[in-house]
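What follows draws every value from the coordinates through simple rules; no lab data is involved. All values derive from a computational prediction rather than experimental measurement. Reconstructed Cβ throughout: ideal geometry from the backbone, glycine too, with neighbour counts over all protein chains shown.
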Amino acid sequence: MSRGNWPYIPLYLNGCTKRPAQVVFLIAAAVTLVAGVVLEGSGTAIAGHIGMTGVLFGATFLAASTSIPEVSTGLASVKLGDYQLAFSDIFGGNAFLPVLFLVASLLSGQAVLPQAQRTDIYLAGLGILLTTVYLYGLIFRPRRQVLNMGIDSLVVLLLYALGVVGLIAVAAAQGS
């Protein structure tokens with residue numbers, strides 16, 4: 001793994017000791033937490049102004065904007081040749097996020113999963129399906145590429161697009 005002076009590694013972290021890196025990490029995590037709260041509030045307002053349902057806005061625009069840290073981490077780690085960091089960031093996030101249902105249950109004092117709507121269940125299924133396609137790619141490692149991406153990535157892209165169309169249909173049926 002090459003760690004040279006790749007420009008996206010902040011110069012103040014290049015060769016620094018453990019303590020400053022930990023402090024920068026904790027500050028960045030806190031900023032990300034606050035930004036997530038602000039994104040949720042502004043996203044709700046934007047969805048209302050443009051007439052989009054909250055579930056559709058949340059599953060597309062809000063999900064994309066809250067994934068920016070994973071995108072930047074993934075791109076930086078791939079540029080450095082540290083593919084394990086990219087995989088563990090993305091799949092680790094997928095593995096950790098469901099734990100937040102426990103946190104939500106503890107904070108609200110009641111189980112939150114029984115409150116799931118059809119759109120929530122649909123999105124959970126879509127997430128499982130997309131992860132399963134990549135799991136297939138990790139296990140069987142297909143070599144074929146289409147449009148400069150692995151066949152599994154193309155399948156995920158198509159399934160996600162179809163999934164958003166399906167989400168619109170499920171949300172419309174749930175609203176009626």
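Given +1 at the Cβ of Lys and Arg, -1 at the Cβ of Asp and Glu and no other charges, the dipole of the chain around its Cα centre is 440 debye to the nearest 20.
Evaluating 6.51 cos²θ - 1.76 cosθ + 1.60 at θ = phi - 60° for every residue in the range 166-172, the Karplus couplings come out as x, 4, 4, 5, 5, 5, 5 Hz, glycine and proline recorded as x.
Multiplying the residue separation of F87 and R144 by 0.36 nm and removing their Cα-Cα distance gives an extension gain of 18.5 nm.
Once backbone amide H atoms are built at 1.01 Å from N, V112 has S105 as its partners under 5 Å, excluding neighbours fewer than 5 places away on the same chain.
Highest-first packing order for the peptide set 147-155, 32-40 is 147-155, 32-40, based on the mean count of other beta carbon atoms within 10 Å. Sequentially through the range 144-161, phi angles give Karplus couplings (6.51, -1.76, 1.60; θ = phi - 60°) of 5, 10, 9, 6, 6, 9, x, 4, 5, 5, 5, 4, 4, 4, 5, 5, 5, 4 Hz, Gly and Pro residues having no value and appearing as x. Kirkwood Rh and Cα-based Rg: tell me the resulting Rg over Rh for the chain, rounded to two decimals. That ratio equals 1.00.
Estimated at 0.36 nm per residue, the fully extended path between S105 and Q117 surpasses their Cα-Cα distance by 2.7 nm. FRET efficiency for the pair T60 and R19, taken as 1/(1 + (r/R0)^6) with r the Cβ-Cβ distance and R0 = 35 Å, rounds to 0.30. Dividing the summed -39500 (n - 2.57) terms of all DSSP H runs of n ≥ 4 by the residue count of the chain sets its mean residue ellipticity at 222 nm at -23000 deg cm²/dmol. Out of every Cα-Cα pair that the range 116-176 contains, those further apart than 16 angstrom amount to 50 percent. Computed from Cα positions, the angle between helix 83-96 and the longest principal axis of the chain comes to roughly 30 degrees.
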